[in-house]
């Protein structure tokens, strides 16, 4: 009887140690997993922020590397707590002296159909 009880205790301890080891390796994997800049920024960008970001990156590649680095540092340090809209990102870039040109489209909704300004003008002629 005592041998069986001793074996059961040993098995229980072994299972507990295995669970701890499994948990610790899972935690290490989470810590080790590097996250990309797009993943981190994706948690904070909303609205047209990606559109502004990509346009700025095309027009000012070197400067945007620094802006991206600063944004990531702010995210890691916890200084950036709320989401950033496209308008806010655009205003930030303007303050830094970057005049980002965005593609602008004027469209009309007529009879449930979206039409560009060019299509609308062609119809009138």
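Enter the angle in degrees (range 0 to 90, nearest 10) between the Cα long axis of helix 61-77 and the first principal axis of the Cα atoms of the chain, meaning the one along which they spread out most.
Approximately 40 degrees, to the nearest 10.
Relative to the first principal axis of the alpha-carbon coordinates of the chain, what is the inclination of helix 86-95, with its axis defined by its Cα atoms, in degrees from 0 to 90 and to the nearest 10?
80 degrees
Measure nothing fancy, just the Cα-based angle from helix 2-32's long axis to the longest principal axis of the chain, in degrees from 0 to 90, nearest 10.
With both axes taken from Cα atoms, the answer is about 20 degrees.
Grab the Cα-Cα distance for residue 117 and residue 36, subtract it from 0.36 nm times how many residues apart they are, and report the gain in nm with one decimal. Don't skip to the end; give the middle numbers.
Numbers: separation 81, 0.36 × 81 = 29.16 nm, distance 3.92 nm.
Extending this stretch completely gives an extra 25.2 nm.
Students often get this wrong, so try it: which of (i) 13, 43, 28, 13, 3, 0; (ii) 12, 33, 22, 13, 11, 7, 1, 0, 0; (iii) 10, 24, 17, 16, 12, 9, 6, 4, 2, 0, 0 is P(r) over Cα pairs in 10 Å bins from 0, in percent as calculated from the structure shown?
The value computed from this structure is option (iii).
For the chain, what does -39500 (n - 2.57) per DSSP helix run (n ≥ 4), summed and divided by total residues, give at 222 nm, in deg cm²/dmol to the nearest 500? Don't skip to the answer; put the middle values down first.
Values: 6 runs with 83 residues, N = 125.
Helix-only estimate at 222 nm: -21500 deg cm²/dmol.
Since every read-out is calculated from the coordinates, none of them should be taken as a lab result. This one's a predicted model, so the numbers in the text were calculated from it and none came from an experiment.
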